[in-house]
Amino acid sequence: MEEAGRLLVLFGRRYAAAVRLATLAPICAIALLRAPPDAIVATVPVVAAAAAWTCGYAWWLDAGRGVAPVALDVLALLALCASVLLTSAVEDRNTGWLRLLVTFACVTCQWHTPLLAGGAAALVAGGGAAGLLVTADAMRLDSGLVTGTLWAIPAAALSRAAWELLRRAADRADRMAAEAAEARAAAQAAAAARAEERELANALHDTAATTLLMVGTGRTGADPGLLAAQARRDLDRLRSDSRRADPHADLVELLRADLGAVQLTVACDLPPELRLPSGVAVAVADAAREALTNVRRHAGTDRAALRLTGDGGGLRLDVADRGRGFSPEDVPGTRRGLRESVRGRMARVGGTAEVVSAPGKGTLVRLEWRAGDG
């Protein structure tokens, strides 16, 4: 059973118990107050039995399962109605409380039973009660007495119709919830696929594309070993992402491991260690490596500075150079370097990347991250 349907069944049982208990005291009061003085002795045990059974049945509704006690409830109601054969309740016209007891039982029974079981209980209880009262009133055949008792059956039918509308609404709610869950799962899968595609594109941009550009522009120099080492690093990075295997990683270690690949003289101001969640450490290190690669490719200088401050709760990493600089506003939107490999990576882990530069004044790339912002 789906969640909305399960909650509706639970609500029906508890609400039925609450209604039976809430109406018990007024019904018992009507029975005792309308009884003539000479009938009190015979009426009190019947009222006490009705109260005891209703309380026990309400407890079962709140805690039990199955429909077997519903049959016992019908038998108990018929037994209470049969008490009029042994007392003067009919002659004293003190049967209204019994009609109320049967009516509320038939109505509330529809909220926690299957359709056939609830219908059968209402027919047997309402019809049986009317038959017993008619038998007790055989001499007068009061039509009002019969009609008032049989009203429990159409009242139960109306109650069942309303309950079926609620049940269908719960079914629709469950279907809508299932469809929404499927849509969320599909959206999450699509988002994960897009994120993986972005990371692959960024990795290709930062490795193979950059190396091919170096070859095409003749920046690899005459040393074939330099190109071979660069290609090896690119291949290792594309084959696996083993740095994400551990839940935490040392950002300083990752930064130092990448310095050999950027072919720059980098002045480092780094703490001995800075352990972070692995995904954050990798994203910051990759963004910093791309910033250093941009220095080598575009700044017209072979020197840069790297300064890291912070702790496990937040950090700031500055990548600076005194090269030719540029105007960040003039960078085309199709360029991936700053947009995806730097800003995009930091944004996906809840960080930020700020680029400060101007022609002739060098460049500062500031990467910031704070725990809880991602």
Answer from 108, 54, 23 - the residue that is touching a residue at least 24 places away in the same chain (Cβ under 8 Å), open to solvent by 20 Å² or more (accessible area, probe 1.4 Å) and either not aliphatic (A, V, I, L, M) or not in a helix (DSSP H, G or I) (or both):
23
Can you name the strands (runs of 3 or more DSSP E) wholly within region 283-359 that have at least 3 residues being among the small types (Gly, Ala, Ser), at pLDDT 90 or above and closer than 19 Å to residue 267 by Cβ?
303-311
Please determine, by comparing only the residues of region 267-310 that are surrounded by fewer than 20 Cβ atoms within 10 Å (Cβ to Cβ) and among the small types (Gly, Ala, Ser), which one is nearest to residue 359 (Cα to Cα).
300
Considering every residue within region 147-162, establish whether at least one is among the polar types (S, T, N, Q), part of a helix (DSSP H, G or I), free of Cβ contacts under 8 Å to residues at least 24 places away in the same chain and closer than 30 Å to residue 96 by Cβ.
yes
Looking only at region 4-20, how many residues end up being open to solvent by 100 Å² or more (accessible area, probe 1.4 Å) and either in a loop (DSSP other than H, G, I, E, B) or in contact with a helix residue (DSSP H, G or I) (Cβ under 7 Å, 6 or more places away or on another chain) (or both)?
1
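The values are calculated or read from the model by the stated rules, or taken from the named source; none is laboratory data. Since this is a predicted model, take the numbers as computed values, not measurements. Because the Cβ atoms are built from the backbone with ideal geometry, glycine has one as well, and the counts that use them run over all protein chains shown. Calculation scope for accessible area: heavy atoms of the full protein, side chains included, ligands and nucleic acids excluded. Shrake-Rupley method; radii C 1.70, N 1.55, O 1.52, S 1.80 Å.
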